[in-house]
1. When the convex hull of the C-alpha atoms of region B:22-168 is computed, what volume per residue in Å³ does it have?
2. Shielding by partners for A:158-166, please: the mean number of other protein chain Cβ atoms within 10 Å of each residue's Cβ.
3. On a 1.4 Å probe surface of the protein chains, which of A:LYS156, A:LYS18 comes out largest in accessible area, and what is the full order?
4. How big a patch of accessible area, both sides summed and in Å² to the nearest 100, lies buried between B and A at a 1.4 Å probe?
5. Which longest run of chain A has no exposed loop site in it, a site being GluC sites (Glu not before Pro) in a DSSP loop with at most 16 other beta carbons within 10 Å, and the site itself not part of the run?
6. Take every residue in peptide B:111-120, count the Cβ atoms of other chains within 10 Å of its Cβ, and give the average of those counts.
7. Assuming R0 = 56 Å, can you tell me the calculated FRET efficiency for the pair B:VAL36 and A:ALA101, based on Cβ-Cβ distance, to the nearest 0.05?
8. Under 13 Å from a point placed 7 Å out from the Cα of A:LYS166 along the Cα-to-Cβ direction: which residues of region B:114-138 have their backbone N that close?
2 protein chains.
Amino acid sequence: MYFELIGQMKKMLGQLDKWLEAAGAFAVSKKFDPVVFATLRLAPDQFAFARQVQNACDTAKLVAARLAGKTAPAHADTEQTLDELRARVQSVVTYLGTFSAADFEAAATRVITQPRWEGKTMTGADYFREHGQPNFFFHITHAYAILRHAGVTLGKRDYLGALTQKLP
Amino acid sequence: MYFELIGQMKKMLGQLDKWLEAAGAFAVSKKFDPVVFATLRLAPDQFAFARQVQNACDTAKLVAARLAGKTAPAHADTEQTLDELRARVQSVVTYLGTFSAADFEAAATRVITQPRWEGKTMTGADYFREHGQPNFFFHITHAYAILRHAGVTLGKRDYLGALTQKLP
């Protein structure tokens, strides 16, 4: 199920790319420089828009890599323009596309850690459920909320993307 | 895995209860009527805070019920005060506590529909991954973001809650 749920992260990053495109069109229609999106934030002590996008990307990338026992590619977090942010999103979508279901066969019991945990560890199952997935949704939803707060026209369908539905 | 992931929704609703408590303390410290939280929103065409809380509750409740083939209890969506919203959250936490792993054995292949889909259906697996879980995180994260935007002191630890970590 990790493969499918990480596939959902990949799908949602594809939606994020569309939100970034909509943000660019909004800036053109309102005649402002779209680079201002990068520093918009909902609270002074929350991350700004560019960082929310970067963190959504990094969370998906690191969840996939850690659960598969691989080393994720590094990103410098220097993106400011919408085009740069879209390229960042696309690079992670491409990276997630390199995984197969077999990569996650040992995911649930893998021992996961990261520098800020000071030696503490989580099982892959706990890390995915309690940390990775909630963090991914936290950052991608904040990116969405910042754009909505700024006036960009987006709705729940843009958030969810196309659903796998069967006709009656 | 559905049981565990729905358990994570239960855990996060427990965190939402703490955010509501923090919102109440913030209102006392700033000397305003906490009922004003109910109508705060990030964009004029987004749901207000009370509705975000109600929808987070309803999404978790309906995901669990639908995947288990049960009928969820109805809620009237009349909550306005923080105490009423906390009671709503608690009622869903209690409801989610009535499920066991065995309830979700047939979840992946169950046929799911809802009135607004006009007869279209999804498998339980697709519904959970593409619709239920993203919607749950959408609404609970918007509830969090609205409180942060209003000035309530919350951080990522309040969002995630305690992690199942092993000491080095």
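The values are calculated or read from the model by the stated rules, or taken from the named source; none is laboratory data. None of these values were measured; they are calculated from a predicted model. Here the Cβ is made from the backbone with ideal geometry for all residues, glycine too, and neighbour counts use every protein chain on show. Each accessible area value is taken on the protein alone, full model and side chains, heavy atoms only, with ligands, DNA and RNA left out. Shrake-Rupley method; radii C 1.70, N 1.55, O 1.52, S 1.80 Å.
1. Values: hull volume 22.5 nm³, N = 147.
Dividing the Cα hull volume of region B:22-168 by its residue count gives 153 Å³.
2. Working: counts 0, 3, 5, 2, 1, 7, 8, 12, 9.
So the per-residue partner count for this stretch is 5.
3. Values: A:LYS156 65, A:LYS18 115 Å².
Result, largest first: A:LYS18, A:LYS156.
4. On the way: alone 9500 and 9500 Å², together 14990 Å².
Accessible area lost upon association: around 4000 Å².
5. Numbers: sites that count: A:GLU105, A:GLU118.
Within chain A, the longest run free of exposed GluC sites (Glu not before Pro) spans A:1-104.
6. On the way: counts 1, 1, 3, 0, 0, 0, 4, 2, 4, 5.
Mean inter-chain Cβ contacts per residue within 10 Å come to 2.
7. Details: r = 49 Å, r/R0 = 0.87.
About 0.70, to the nearest 0.05.
8. B:120-127
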